[in-house]
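Each value in this text was obtained by applying a stated rule to the coordinates, not by laboratory testing. Remember, it's a predicted structure, so these values are computed and weren't measured experimentally. Here the Cβ is made from the backbone with ideal geometry for all residues, glycine too, and neighbour counts use every protein chain on show.
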Amino acid sequence: MANKKPYPLVAIVMGSDSDLPVMTESAKMLAELKIPYEIEITSAHRSPKRTSQYTAEAAGRGLRVIIAGAGGAFHLAGVIAAETTLPIIAVPMENTPLAGLDSLLAAVQMPGGVPVGVMAIGKAGAVNAAVFAAQILATSDKALAKRLVQYKQKLAAGVVENSARMKRSFGL
Ligand code: RP5
């Protein structure tokens, strides 16, 4: 019997294909942690009905977390958060006239009762959004929790390697 594709647990949504170079980092990290995901472009401003419909159906399709990347006015994460109780993790883009500060300041001004979890601006934020989504899912998935521990160990081993390489470059 052919292997069935696992249902996506995490959605990566972005306002424009110009956000993809950053949001690809979320996809790579989710793949590394073996978390099934889907990826979508939908805009709060250019396709509001599509965004609303996507959000309304998200939980019912089995999605557990939504990662939203957007730049500028940064309404995407907020309008999604307005229409679902799924956790929304926001990634402010750096490719904006104000280098992401605009998106960051917009993202942290959600009104009380409608939260979005805001990550760092740009690629680090996109990586962290995926790790944070994994940490949410890992509260009820022991195998994933183990993979996250291994990921942290890999990060720590990388620091040791870099330190050793640096010392060698100084002849020490
Ligand atoms: C936002 O405006 C998008 O998320 C993107 O970051 C920014 C610019 O979009 P484009 O003009 O490149 O399509 O809505």
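Quick notes on this structure:
- Oblate is the label for segment 102-150, because the ratio a/c of its alpha-carbon gyration tensor axes (a ≥ b ≥ c) is 1.5 or higher and a/b is not greater than b/c.
- Positive-end residue, the chain charge dipole about Cα centroid, Cβ charges, pick of ALA58, ASN95, PRO111: ALA58
- Using the empirical formula 2.2 N^0.38 Å as the baseline, the Cα radius of gyration of segment 1-47 reaches a ratio of 1.33.
- For the chain, diffusion coefficient by Stokes-Einstein and Kirkwood Rh (Cα), 25 °C, 0.890 mPa s, µm²/s: 145
- Placing +1 on the Cβ of every Lys and Arg and -1 on the Cβ of every Asp and Glu, with no other charges, gives segment 64-172 a dipole of roughly 760 debye about its Cα centre.
- Exposure proxy shown here: for PHE132, PHE170, PHE74, the number of other Cβ atoms within 10 Å sets the order, fewest to most, as PHE170, PHE132, PHE74.
- Measuring nothing but alpha carbons in segment 72-172 and taking Rh as the Kirkwood radius, the Rg to Rh ratio lands at 1.13.
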